[in-house]
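The values are calculated or read from the model by the stated rules, or taken from the named source; none is laboratory data. What you see is a predicted model, and the numbers here were worked out from it, not measured in a lab. We place every Cβ from the backbone using ideal geometry, glycine too, and count neighbours over all the protein chains shown. Heads up: the accessible areas ignore ligands, DNA and RNA and are worked out on the full protein's heavy atoms, side chains in. Shrake-Rupley method; radii C 1.70, N 1.55, O 1.52, S 1.80 Å.
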Amino acid sequence: VKGGYDSFMRKEIHEQPTAVADTLRGRFDTRGQLMLDELRIPEAELRSIDKIIVIACGTAAYSGHVAKYAIEHWCRIPVEVELAHEFRYRDPIVGPRTLVVAISQSGETMDTLMAVRHAREQGARVLAICNTHGSTIPRESDAVLYTHAGPEVAVASTKAFLAQVAACYLLGLFLAQLRGTKFPDELRETVAALQALPDKIQRVIDTEPEIEEVARALADEESFLFLGRHVGYPVALEGALKLKEIAYIHAEGFAAGELKHGPIALIEEGQPVFVVVPSPRGRDSLHSKVVSNIQEVRARGARTLVIAEEGDDDVVPFADVIFRVPQTPVLLAPLVSVVPLQIFACALATAKGLDVDQPRNLAKSVTVE
Ligand code: F6R
């Protein structure tokens, strides 16, 4: 059943190029225009949306966090990301022009379902992004965009996350196409780049042996920090979550800009710190700021594990270990940069002799509030 792999999680990590390719398949015409016919929400309504609220939990919420950066940039629609269990207890401002996007692998997460019901009671349109056909959340939503990751067995989500992120891009590109965008060239390039992503994800997976070796060497560490900025921030959060869930190691993700506002006090000799470095071809000076962050934590004794694009030589002097990922447009980078973190967590938990597929205290779908 595990197809020759020692765990479902590892198998599912290896299935990620296919999960993303299958989620993209059939959703573009030959000219690269998006066709999301399955969104049964009338186009006039989609044109008049003035706010998007993403509701989800855990890893699914991090995919929504990536979606916020992409959709706000491409579509100029404000996007809020809310943990589903917080949403209905804070008197959210929801109206007929709000699109609520509920993201769930299982489609059965009770917290997310209750938030969907609450949003619909308030008059919002609800679109589900879901991996499980016929599950409750899509049934109770106005429309559904299915991810086609295939069944996910391991409790820790991997391929479903990549498929959720890909589906969020599809939604953002579709809305931009429908409503017009200030960046038509960028959008065209993004569509082409998205279709090239499955191969790039595969290239990261091909580096698994090197990542595993590093993970084995760090198996006795008690704490890891993860830093990222822009779309690298939710990637850092996801990297930390994977390590907590399956390796039972204290791990925390931060927006790298927060370092000097507190977390840098945690850095002491030998502290391992992952840093997700934005593309040097990105906007503003983000890349150089994150490179400075690597320098700052290293100067205080941290051991730096750096996720950086191929060809980014600026990180070399300050990195103890570099995990390379192929070059991608900035907003699409999470689909490659999260992969080394997944592999790392899986390898480290395996090295500790833990059951990576069935971590203690956790269930695959959380059907209680
Ligand atoms: C993390 C993980 C959980 C789920 C969360 C939402 O690896 O598996 O954080 O992402 O419980 O589950 P779904 O997507 O089924 O609603």
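Worth a mention:
- Taking all C-alpha pairs of the range 45-165, those more than 23 Å from each other amount to 22 percent.
- Carbon and sulfur %, accessible surface of the chain computed with the full protein complex present, 1.4 Å: 49
- Candidates Val79, Val153, Thr112 compared by Cα position along the dipole of the range 76-181: farthest toward the positive end lies Val79, with charges placed on Cβ.
- For the range 256-307, the solvent-accessible area with a 1.4 angstrom probe is 47 square angstrom per residue.
- Under 19 Å, Cα to Cα: Lys pairs in the chain, sequence gap 8 or more or different chains: 20
- Per residue Cα convex hull volume in Å³ - calculated over the chain: 134
- Using a Förster distance of 22 Å, the FRET efficiency for Ser223-Ser292 (Cβ separation, nearest 0.05): 0.45
- Taken per residue, the accessible surface of the range 314-369 reaches 40 Å², heavy atoms only and a 1.4 Å probe.
- Karplus 3J(HN,Hα) series, Hz, for the range 295-304 with 6.51 cos²θ - 1.76 cosθ + 1.60 (x for Gly, Pro): 4, 4, 6, 5, 4, 9, x, 5, 9, 9
- CD proxy at 222 nm, helix term only [per DSSP H run n ≥ 4: -39500 (n - 2.57); per residue of the chain; nearest 500]: -13500 deg cm²/dmol
- Distance from the C-alpha centroid of the range 3-76 to that of the range 323-369: 18 Å, rounded to the whole angstrom.
- If the convex hull is drawn through the Cα atoms of the range 96-169, its volume per residue in Å³: 77
- The magnitude of the dipole of the range 70-122, with charges of +1 and -1 set on the Cβ of Lys/Arg and Asp/Glu and taken from the Cα centre, is near 220 debye.
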